[in-house]
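Trainee: Attaching a single structure in structure tokens format; questions to follow.
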Amino acid sequence: MSSDIAISVENVSKAYRIWNDPGSRLKSPLLGACGGLFPRNSTLSQKCVAKASSYYRDFYALKDISLQVRKGESVGIIGRNGSGKSTILQIIAGTLQPTTGSVSVKGRVAALLELGSGFNPDFTGRENVYLNAAVLGLTSAETDARFDQIAAFADIGDFLDQPTKTYSSGMMVRLAFACAVAVEPDVLIVDEALSVGDVFFQQKCFERIRSILASGTTFLLVSHDLNAVQNLCDRAVLLENGLVTHIGPPEECTSRYYANSGTPRVVESEATHATAVLQHDRVAPIIAEDILGEAKARHGDQSLQLLAARICDRNGNPTRSCCVGQQLRIETVLRAHRAIPKPGCGIHVFDRMNNLVYGAGTPQLGVEIRPLATNEEVLIVFNITLTVQPGVYTFSLATAEPNESNPNLGLFYDTCEGLGPIEVGPTAHGVWPFYGIANLPMTIDVIHA
């Protein structure tokens, strides 16, 4: 294997034997053994072997797969359920043996395959960290040095000293992922594990993976989340019925995958806009339903303070969810603690991979807030139409004034990050209005001959 190749898969097939009935598991090997008592090419031997093989059939999950992954490369494997994605990952990770073919992997491998795999359910989380690290080749001293980092990343509190059989699925994957990335593997293999846990933990995972990729780690990902594959991977492999049908850029493989999944329905989006209003009779419910205390981080001198904020539907009812294309209102009350000549307020929306989906505010949309005096308040209402892919999103709010030296970078006074989450579900008829990360203005003309 070439020195720059981290993973080499050569002509790998994997067959699973499917028995006709429970008794066939005994009859078939007995007949095979009987056939071995006679000369190999004799009639009796051939009849015994033929009869033995009639009690089962072989199902090939993989058929003659060949693939090479270079050191430091990130590759995504996509395909429908049953296409063989998880099987190939298990073979590369060494937890499953191929029926035919060979696999070579260079370096230390950390794999997140089935949830909690490798954990002893009767051991505490702490004990499983040391067990998992030892399996991955770390000494006890090396694990000691990394333990605080693992515990901080998993962030499961006192459950760290409880048996893992008491863990939820989210807690299990938190600990498993924290162990996998802490050992600084040469090859990191992930099978769908990033879809487990809340949106804030998922965002932390994607940030950690990006830093691992930047350090030169080889990354192999299986996921139904095609946005994650496009975002993280250099190449993608499309599997169909155990066969590799395409290897190339993630966008090409994604397009071929969608080509077999129907044609997207195109709809026009409503305009996203913001309005600045001053209606003190509406401040009370916003303060009562304030979400700013949920912020994951907050910074700024608060000269123009985010006093309170809430999420509601267009009728003013508090909510944290909507359908694709529906409008939500993000209402926030600002208070000036000194005279602010040119106040501004904006919002940033992030997907579960912490990618910025949309960001804008009063300056970008041409909405003016009159100068604020000391202790004066103003209510800002962002009417935002969430024409995005179904999923879970977070957002941040910020107050600022223009920066004379750089109009695109304001002077920020108060920023609340990690608000939400907001869950966006599919439309009532179940059809996604578009594919990708952005809903671009588009019309379709159909001209018949």
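Trainee: Taking the square root of 5 times each eigenvalue of the Cα gyration tensor, what semi-axes in Å does the equivalent ellipsoid of segment 1-91 have, largest first?
Mentor: Numbers: eigenvalues 299, 59, 16 Å².
Working from the Cα gyration tensor, I get semi-axes of 39, 17, 9 Å.
Trainee: Put a dot 7 Å past each Cα toward the Cβ at residue 339 and residue 288; how far apart are the dots in nm?
Mentor: My value for the distance between the label points is 3.7 nm.
Trainee: If you take the beta carbon distance between residue 126 and residue 106 as r and set R0 to 45 Å, what does 1/(1 + (r/R0)^6) give as a FRET efficiency, to the nearest 0.05?
Mentor: The computed FRET efficiency comes out at 0.90.
Trainee: Ok, one more. Say we join alpha carbon atoms closer than 10 Å with springs in a Gaussian network model of the chain; which of 358, 393, 16 then has the biggest fluctuation?
Mentor: Between 358, 393, 16, it is 16 that shows the largest mean-square fluctuation.
Trainee: Whole-Hz Karplus ³J(HN,Hα) for segment 345-353, in order, using 6.51 cos²θ - 1.76 cosθ + 1.60 and θ = phi - 60°, x for Gly and Pro?
Mentor: Result, rounded to whole Hz: 8, x, 9, 10, 10, 10, 7, 5, 8.
Trainee: Follow-up question, since we're still on this one. Can you tell me the relative contact order of the chain? Whole percent, Cα pairs under 8 Å, sequence separation 6 or more.
Mentor: Details: 929 pairs, mean separation 64.7, N = 449.
Relative CO of the chain lands at 14 percent.
Trainee: Also: Find which of 374, 303, 248 sits farthest along the positive direction of the dipole of the chain, computed with +1 on the beta-carbon of Lys and Arg, -1 on that of Asp and Glu, about the Cα centre.
Mentor: 248
Trainee: Work out the count of Lys pairs in the chain where the Cα-Cα distance is under 30 Å, with the pair 8 or more places apart or on different chains.
Mentor: The result is 26.
Trainee: Two decimals is fine: what is log10 I(q)/I(0) at q = 0.16 Å⁻¹ for segment 121-258, from a Debye sum with one equal scatterer on every Cα and no solvent?
Mentor: So the normalised log intensities are -0.87.
Trainee: Please give, to one decimal in nm, the separation of the simple spin-label points placed at residue 255 and residue 13, each 7 Å out from Cα toward the Cβ.
Mentor: Rounded to a tenth, the inter-label distance reads 3.3 nm.
Trainee: Note the full-extension length gain between residue 168 and residue 376 as 0.36 nm times their separation in residues minus their Cα-Cα distance, in nm to one decimal. Please report the intermediate quantities before stating the final value.
Mentor: Numbers: separation 208, 0.36 × 208 = 74.88 nm, distance 4.68 nm.
Gain on extension, residue 168 to residue 376, equals 70.2 nm.
Trainee: How large is ³J(HN,Hα), in whole Hz, for each residue of segment 55-71 in order, when computed from phi with the Karplus curve 6.51 cos²θ - 1.76 cosθ + 1.60 and θ = phi - 60°, using x for Gly and Pro?
Mentor: 8, 8, 9, 9, 9, 9, 6, 10, 10, 6, 8, 10, 7, 10, 10, 6, 4
Trainee: Step through the residues of segment 26-38 one at a time and calculate ³J(HN,Hα) from phi using the Karplus curve (6.51 cos²θ - 1.76 cosθ + 1.60, θ = phi - 60°), rounding each to whole Hz and writing x for Gly and Pro.
Mentor: 8, 5, 4, x, 5, 5, x, 5, 4, x, x, 6, 9
Trainee: Also: Given R₀ = 22 Å, FRET efficiency for residue 302-residue 403 by Cβ-Cβ distance, to 0.05? Present the calculation step by step, with values, prior to reporting the outcome.
Mentor: Details: r = 18 Å, r/R0 = 0.82.
According to the calculation, E is roughly 0.75.
Trainee: Using alpha-carbon pairs under 8 Å, 6+ residues apart, how would you state the relative contact order of segment 273-425 in percent? Intermediate results must be reported in sequence, preceding the final value.
Mentor: Details: 388 pairs, mean separation 51.3, N = 153.
RCO, segment 273-425: 34 percent.
Trainee: Could you check which residue among 141, 133, 176 shows the biggest mean-square fluctuation in a GNM of the chain with a 10 Å Cα cutoff?
Mentor: For the chain, modelled as a Gaussian network with Cα springs under 10 Å, the answer is 141.
Trainee: Compare the Cα positions of 447, 52, 183 along the charge dipole of the chain (+1 at Cβ of Lys, Arg; -1 at Cβ of Asp, Glu; about the Cα centre) and return the one farthest towards the positive end.
Mentor: 52
Trainee: Of 341, 393, 224, which is farthest on the positive side of the dipole of the chain, counting Cα position, with +1 on Lys and Arg Cβ, -1 on Asp and Glu Cβ, and the Cα centre as origin?
Mentor: Farthest along the dipole direction, towards plus: 224.
Trainee: Once you charge only the Cβ atoms, +1 for Lys and Arg and -1 for Asp and Glu, what is the size of the charge dipole of the chain about its Cα centre, to the nearest 20 debye? If you can, show how the numbers build up before the last one.
Mentor: On the way: 37 positive and 45 negative charges, 390 e Å.
Dipole size: approximately 1880 debye.
Trainee: Separation of segment 339-380 and segment 64-89 by C-alpha centroid, Å?
Mentor: 44 Å
Trainee: Taking the chain as the region of interest, what is the percent of Cα-Cα pairs per 10 angstrom bin, listed from the shortest bin to the one with the maximum distance?
Mentor: Spelled out bin by bin, the chain gives 4, 16, 21, 21, 18, 11, 4, 2, 1, 1, 0 percent.
Trainee: Rg (Å, one decimal) plus Dmax (Å, integer) for the alpha carbons of segment 273-425?
Mentor: Final numbers for Rg and Dmax: 14.6, 42 Å.
Trainee: On average over all directions, what projected area in square nanometres does segment 78-178 have, based on the convex hull of its Cα atoms? List each step's numbers first, then the result.
Mentor: Working: hull surface 31.3 nm².
Over all viewing directions, segment 78-178 projects a mean Cα-hull area of 7.8 nm².
Trainee: I've got another one for you. List the residues, sorted by chain then number, that are 5 or more residues from residue 99 or on another chain and whose placed amide H is less than 5 Å from its amide H.
Mentor: Close amide H contacts, sequence-distant or interchain: 13, 14, 15.
Trainee: Taking the Cα centre of segment 307-449 as the origin, how large is its charge dipole in debye, to the nearest 20, when only Lys and Arg (+1) and Asp and Glu (-1) carry charge on their Cβ atoms?
Mentor: Once rounded to the nearest 20, the dipole reads 200 debye.
Laboratory data are not the source of any read-out in this text; all were calculated from the coordinates shown. Computed from a prediction, not measured in an experiment: that's the story for all the values here. Cβ coordinates were reconstructed from backbone atoms using ideal geometry, including for glycine residues, and neighbour counts include every protein chain displayed.
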